[in-house]
Amino acid sequence: MTRHLRYEALLERAAPLDPIATAIVAPEEANALGGAIRGAEEGLIVPVLVGDALLIQATAREIGKDISGFEIIDVKSHSDAAARAVQLVHERRVKALMKGYIHTNMLLKHVVKSDGGLRTGRRLSHVFVMDTPGFDRLIMVTDAAINIAPDLKTKADIVQNAIDLGHSLGLPHPKVAVVSAIATINPEINATVEAAALAKMADRGQIKGGLVDGPFAMDNAVSPKAAAIKKIVSPVAGLADILMMPEIQTGNMVLKTLTFMAGAQAGGLVVGAKVPIMLTSRADDQDARVASCVLAALHAHHGSAG
C-alpha cells in the first residue's frame, strides 16, 4: 500500500528519453538542490543551477554531493535568478524550469511578464498528478496552486492545459470531471452552472482532446459504484482522470487530504507556458521533486514531438 506504482511506470516511460536541460532557480537549500540532483541521477533532467554560486556550493557540501559536473550561473538576487532562467528558455538552452528556494510569486512574476516572459495564448495553471496507493489510476487535480477563483474562460484554459498534460502521460482521451458539491445543476451554486458550460464547450470543440462532463460530486467522479447508485450516466462518471476544481481552496484540500491521509505521492507542473515549470514547494521532499521531474520530462518531449 505504500508503493507508488503509477509513478514507477512513468519513470519507466521516461527512461528511454534524453534528459531535459532544466534551469533550477535558486537551489540554495538542501531539498531544492538535492531534488535537482536526484532528477539528474534518474536521467530525467540536466540541471543548470541559477543562483548565488557560493550558497549553492555551500549547500552541496552540506548534503555531501558533488556538483562539479553541473553548470552554475552565478546570480546574487532571487529576482535576477528568475529573470535569467526565463532568458535561458528564450536562448533555447533549457526546456524546463524548476523552482528552488525562491518564493512562487517572485518566479512567476518573470514568467508572466508581457515583455520577455513565457506566456502563450492560454492562461497558466497548475496540475497536481496524484498516485494514491490502492487506487487504480493516476488522478490529476487542477487548479490547486495558482488560479484562486477562476472565471469560466480561465476554467476552459485550465481544463485544456490538464488535457494536454494527460496526453503527455499516455492518456489519448483524458476524462475530465468538473467537480462541485453536487452532481446536478443548481443556479444558486455557480460552479454547477459553469461545469455544465464547460461540458458543452467540449461538445462544441472549444475544448479539445478529452471527454469533459459535469457537474460531479467527488464520489461519483471517481467511483463507478457511487455513480451507478446515483444513476449518473456519463462516460466520465466514476472514471475521471482529471478533477477540475471549482476554486483553489477546494483543490488544495483535496490535494492535502490525498497526500496526508491516503499516502498519495504528488508531482506537479505549471502548464500553459512555453515550457513546463516545476513549482515545487520549498518544503517538498526529494521524492516529490523527482515526481515533478518525470512529469516535466514527459511533457517537454511530448511538446517537442508536436
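Summary of computed values
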read-out	value
Residue among Phe128, Phe135 that alone is under 16 Å from the mean Cα position of the chain (by Cα) and of a type in the set (A, V, I, L, M, F, W, C)	Phe128
Flag for Ala217 being small (Gly, Ala, Ser) and within 29 Å of Lys274 (Cβ to Cβ)	no
Out of Val89, Val94, sole residue that is closer than 21 Å to His126 by Cβ and either crowded, with 24+ Cβ neighbours inside 10 Å or assigned by TED's automatic domain parsing to the domain that holds His126 (or both)	Val94
Sole residue being in a strand (DSSP E or B) and of a type in the set (Gly, Ala, Ser), chosen from Ala291, Ala296, Ala266	Ala266
Selection status of Val236, modelled with pLDDT of 95 or more, under 21 Å from His126 (Cβ atoms) and buried (at least 23 other Cβ atoms within 10 Å of the Cβ)	no
Selection count where residues are part of a helix (DSSP H, G or I) and either buried (at least 21 other Cβ atoms within 10 Å of the Cβ) or of a type in the set (A, V, I, L, M) (or both), scope the range 204-229	8
Odd one out for Asp80 among (1) modelled with pLDDT of 95 or more; (2) under 30 Å from Glu247 (Cβ atoms)	(2)
Residue within the range 253-263 that is of a type in the set (Gly, Ala, Ser) and at positive phi present	yes
Among the candidates Ala9, Ala26, Ala15, Ala32, residue that is small (Gly, Ala, Ser), in contact with a Phe, Trp or Tyr (Cβ under 7 Å, 6 or more places away or on another chain) and at pLDDT below 95	Ala32
Qualifying residues in the range 93-108 (those that are assigned to a loop (DSSP other than H, G, I, E, B) and of a type outside the set (Lys, Arg)) - the one nearest to the chain's Cα centre (by Cα)	Gly100
In the range 125-139, residue farthest from Asp241 (Cα to Cα) [restricted to those that are touching a Gly at 6+ places or on another chain (Cβ under 8 Å) and surrounded by fewer than 23 Cβ atoms within 10 Å (Cβ to Cβ)]	Pro133
Some residue of the range 250-265 being closer than 28 Å to His301 by Cα and surrounded by fewer than 17 Cβ atoms within 10 Å (Cβ to Cβ)	yes
Residue in the range 196-203 that is surrounded by fewer than 23 Cβ atoms within 10 Å (Cβ to Cβ), part of a loop (DSSP other than H, G, I, E, B), aliphatic (A, V, I, L, M) and without any contact (Cβ under 8 Å) to a residue 40 or more places away in the chain present	no
The range 193-230, subset acidic (Asp, Glu) and within 21 Å of Thr250 (Cα to Cα), residue modelled with the lowest pLDDT	Asp219
Tally, over the range 249-280, of residues that are under 21 Å from Ala149 (Cα atoms), among the small types (Gly, Ala, Ser) and more than 11 Å from the chain's Cα centre (by Cα)	2
Residues of the range 53-73 satisfying the condition of being in contact with a helix residue (DSSP H, G or I) (Cβ under 8 Å, 6 or more places away or on another chain) and among the charged types (D, E, K, R)	Glu62, Lys65, Asp66
Any hit, the range 234-241, residues being of a type in the set (Asp, Glu), without any contact (Cβ under 8 Å) to a residue 12 or more places away in the chain and not assigned by TED's automatic domain parsing to the domain that holds Glu28	no
Options Val48, Val25: the member that is in contact (Cβ under 8 Å) with a residue 60 or more places away in the chain and not hydroxyl-bearing (Ser, Thr, Tyr)	Val25
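The values are calculated or read from the model by the stated rules, or taken from the named source; none is laboratory data. Keep in mind the model is a prediction, meaning the values are calculated, not measured. Positions of Cβ are backbone-derived with ideal geometry, glycine not excepted, and every protein chain shown enters the neighbour counts.
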